[in-house]
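Q: Handing you a structure now.
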Amino acid sequence: MFLILLCTFIVLLAVQLTLKELRFHRKYGHIPGPTGLPIIGNMHQVNRLHPWISFSDWAKDFGPLMKVNFLGQVVVLCNTYATVKEMLDTRGKEFGGRERGYRSQMVTKSSGFMRMDVQDPNWRRSRGLLHSSVKAFGPGLSRIEHYAQQMSEEFVQCFKSCNGEAVDPLSSLYDTSLGMVSLMIYERKLDSISEIFQSIKAMTSLTNEAFHVGKDGAQLDHFPWLRFFGNQTFQNLKIAKKHVFKTWNWYKNEIAPMEDSELDDSLGKPYMKVIRDYNNKCSPEERISDMNMMGNGAHVTFAGVLTTTTTLYQLILVVLHYPETQKKMTKEINEVIGSRMPTLDDRNRMPYTNAVITEIMRFSSVAPLGIAHRAVVDTDILGTKIPKDTYVMPNMYLVHYDKEVFGDPEIFRPERYLDKKGELLPADDEIWRHTIPFGLGPRICAGMMFAQYRLFLWVCILYQRFEIVADPEHPLPPCDIKSTELKGLTLMSKSYKAKFLPRD
């Protein structure tokens, strides 16, 4: 009897897998991609620490559009600028859906955190208000400049206190970045040892690890029942959500009641105050809920801290490997700024420093696979049909390392963005068009200008105040992109130490 039941089960399983394979082929058979195994697909073939390299190697065989199968979940990779632009920009609204995996649903439910849905009017209104809060003109620009200058003293004093001893700058850069983001969102400068600061820091760290592209977190999306068996990703997300609620309660109970009387809005308003003012004027139907306010605050913090910290950390390492870059940048800083505090007005007179910052964003490509987008309708990319609810990802690494455009993409060379006179190439130049670290279209990073301005001011201040040199006792790790590792959602070099020698 047992043998009959076993044989029946095997036959039914085989039939189910065959039918699933037939449905899969009918739906995605026209899109090329590597051959995988039943059930697990291509999961076993992907380099877990360097998944973007696996995808890029496959792209040589399968071309501009390629499908990859993870445990039955198909992801389509856009491997060229043309396909990325079509997906993000030309058909941006058609690919405006968010991920529906268990991790996303778990963290979004009841907290609004990580909610990104172009179809949701509430989300669109929140995003519009974020743009107005960090807009690149008027009070918004003044706030970015003022707070970046103010917060720079955090890492300046930290590095000065090292007295020439080699130090890993990551923690100081992270704390400074988080401190500035909290000022922009809540109008509060948080002490790095305070309970709420540590809570926000834990939220960003746990969330980043939980959404790691190449690790076991993805298993929770396919097998949610793993949460009952001690799945670490599930535990991390539970703790992260607690920190989201803790931060919201701190704002609602301690900050919001004092905003109207204590806020100095001569430099513009923090993001949360912008939303509250909007809610006081709009109709009840258009009001942004407390849940969405809470989630938006957490999401902006998460995104604003992660990428800027990583990019600045990578820049310091790369410039250590290319010492001529530091000499040229310091020369320009001395000629344009001298000993005064850098301002955003200096950007237009500092082409080389701008080229360095742009080149590091291309060279390091800290988000090599961007963010997954979901097709909200049956559509196509340059004629290739993409069924509704398909996940599509932009392969930013391949766009930024296209040899036909950049010539020698594996070399860090800021001069590629400059003309023969040393001025920045025009914005419509092919080099600029193919440098898209913030994405394109309706889902372009809302904090793009905030990140660019902050990076400019901090890079100027760092190299104005310090000569940064390698320490022979602590050999530097390689700085090329293939030597980095995916730490959560972003690439990070191996840890390093450097000496920050005061120039004054």
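The values are calculated or read from the model by the stated rules, or taken from the named source; none is laboratory data. From a predicted model like this one, the values you see are computed outputs, not experimental measurements. Every residue, glycine as well, gets a Cβ built from its backbone with ideal geometry; the counts of neighbours run over all protein chains shown.
Q: Could you tell me which residue of region 216-256 is nearest to VAL74 (Cα to Cα), considering only residues that are β-branched (Val, Ile, Thr) and either at pLDDT below 85 or touching an Asp or Glu at 6+ places or on another chain (Cβ under 7 Å) (or both)?
A: Pass one, region 216-256, residues β-branched (Val, Ile, Thr): 233, 239, 244, 247, 255.
If we keep only those that are either at pLDDT below 85 or touching an Asp or Glu at 6+ places or on another chain (Cβ under 7 Å) (or both) too, we end up with 233, 255.
Details: THR233: 22, ILE255: 44 Å.
Taking the candidates together, the pick is THR233.
Q: Please enumerate the residues belonging to region 462-495 that are surrounded by fewer than 16 Cβ atoms within 10 Å (Cβ to Cβ), assigned to a helix (DSSP H, G or I) and of a type in the set (Ser, Thr, Tyr).
A: SER483
Q: Taking the condition of being among the hydroxyl-bearing types (Ser, Thr, Tyr) and not in a loop (DSSP other than H, G, I, E, B), how many residues in region 29-56 meet it? Give the derivation first.
A: As a first pass, look at region 29-56 and keep what is among the hydroxyl-bearing types (Ser, Thr, Tyr): 35, 54, 56.
Add one more test, that the residue is not in a loop (DSSP other than H, G, I, E, B), and what stays is 54, 56.
Going through region 29-56 one residue at a time, the tally reaches 2.
Q: If only one of GLY164, GLY179 is more than 21 Å from ILE239 (Cα to Cα) and in a helix (DSSP H, G or I), which one is it? Talk me through it step by step, then tell me what you get.
A: Values: GLY164 fails: in a helix (DSSP H, G or I).
Among GLY164, GLY179, only GLY179 is more than 21 Å from ILE239 (Cα to Cα) and in a helix (DSSP H, G or I).
Q: Filtering region 57-91 down to residues that are at pLDDT 90 or above and part of a loop (DSSP other than H, G, I, E, B), which residue is nearest to GLN235 (Cα to Cα)?
A: ASN79
Q: Quickly run through region 30-58 and pick out the residues that are farther than 21 Å from THR490 by Cβ and either in contact with a Lys or Arg (Cβ under 6 Å, 6 or more places away or on another chain) or of a type in the set (A, V, I, L, M, F, W, C) (or both).
A: Once the filter is applied, which keeps residues that are farther than 21 Å from THR490 by Cβ and either in contact with a Lys or Arg (Cβ under 6 Å, 6 or more places away or on another chain) or of a type in the set (A, V, I, L, M, F, W, C) (or both), region 30-58 yields ILE31, GLY33, LEU37, ILE39, ILE40, MET43, TRP58.
Q: Okay, next question. What pairs can you find where one residue is in region 422-435 and farther than 14 Å from PRO409 by Cα and at pLDDT 95 or above, the other is assigned to a loop (DSSP other than H, G, I, E, B) and aromatic (Phe, Trp, Tyr), and their Cβ atoms are less than 9 Å apart, with a gap of 6+ or different chains?
A: none
Q: So VAL459 fits all but one of (1) buried (at least 19 other Cβ atoms within 10 Å of the Cβ); (2) within 22 Å of SER56 (Cα to Cα); what number is the exception?
A: Failed condition: (2).
Q: Report yes if some residue within region 383-393 is in contact with a Leu (Cβ under 7 Å, 6 or more places away or on another chain), of a type in the set (Val, Ile, Thr) and either more than 18 Å from ARG443 (Cα to Cα) or at pLDDT 95 or above (or both); otherwise report no.
A: As a first pass, look at region 383-393 and keep what is in contact with a Leu (Cβ under 7 Å, 6 or more places away or on another chain): 384, 393.
Remaining after also requiring of a type in the set (Val, Ile, Thr): 384.
Now restrict to residues that are either more than 18 Å from ARG443 (Cα to Cα) or at pLDDT 95 or above (or both): 384.
Among the residues of region 383-393, at least one is in contact with a Leu (Cβ under 7 Å, 6 or more places away or on another chain), of a type in the set (Val, Ile, Thr) and either more than 18 Å from ARG443 (Cα to Cα) or at pLDDT 95 or above (or both), which makes the answer yes.
Q: Something else about it: Which ones in region 343-367 are within 17 Å of LEU317 (Cα to Cα) and in a helix (DSSP H, G or I)?
A: THR353, ALA355, VAL356, ILE357, THR358, GLU359, ILE360, MET361, ARG362, PHE363, SER364
Q: Let me ask something else. Would you pick out the residues in region 399-412 that are in contact with a Phe, Trp or Tyr (Cβ under 8 Å, 6 or more places away or on another chain) and part of a helix (DSSP H, G or I)?
A: Passing the criteria: VAL399, HIS400, VAL405.
Q: Under the condition of being over 19 Å from THR390 (Cβ atoms) and among the aromatic types (Phe, Trp, Tyr), which residue from region 38-85 is surrounded by the fewest Cβ atoms within 10 Å (Cβ to Cβ)?
A: It comes out as TYR81.
Residue-by-condition table, conditions (1) at pLDDT 85 or above; (2) basic (Lys, Arg):
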{"residue": "ASN279", "(1), (2)": "no, no"}
{"residue": "CYS282", "(1), (2)": "no, no"}
{"residue": "GLU286", "(1), (2)": "no, no"}
{"residue": "MET291", "(1), (2)": "no, no"}
{"residue": "THR307", "(1), (2)": "yes, no"}
{"residue": "LEU320", "(1), (2)": "yes, no"}
{"residue": "LYS328", "(1), (2)": "yes, yes"}
{"residue": "ILE333", "(1), (2)": "yes, no"}
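Q: Another question, then. Out of curiosity, is THR301 at pLDDT 90 or above, closer than 28 Å to LEU462 by Cα and of a type in the set (S, T, N, Q)?
A: no
Q: Is at least one residue of region 413-425 in a loop (DSSP other than H, G, I, E, B) and either within 26 Å of ASP61 (Cα to Cα) or touching a Ser or Thr at 6+ places or on another chain (Cβ under 8 Å) (or both)? Reasoning before the result, please.
A: To start, the set of residues in region 413-425 that are in a loop (DSSP other than H, G, I, E, B) comprises 413, 419-423, 425.
Among the residues that remain, those that are also either within 26 Å of ASP61 (Cα to Cα) or touching a Ser or Thr at 6+ places or on another chain (Cβ under 8 Å) (or both) are: none.
The answer is no; no qualifying residue exists.
Q: Follow-up question, since we're still on this one. Criterion first (buried (at least 21 other Cβ atoms within 10 Å of the Cβ) and charged (D, E, K, R)) does GLU187 satisfy it?
A: Details: buried (at least 21 other Cβ atoms within 10 Å of the Cβ): yes; charged (D, E, K, R): yes.
Yes, satisfied.
Q: Further, regarding this structure: If the Cβ limit is 9 Å and pairs must be 6+ apart or interchain, which residue in region 197-213 that is without any contact (Cβ under 8 Å) to a residue 24 or more places away in the chain and closer than 18 Å to MET180 by Cβ pairs with which residue that is crowded, with 19+ Cβ neighbours inside 10 Å and among the hydroxyl-bearing types (Ser, Thr, Tyr)?
A: Final answer for the pair search is PHE197/SER182.
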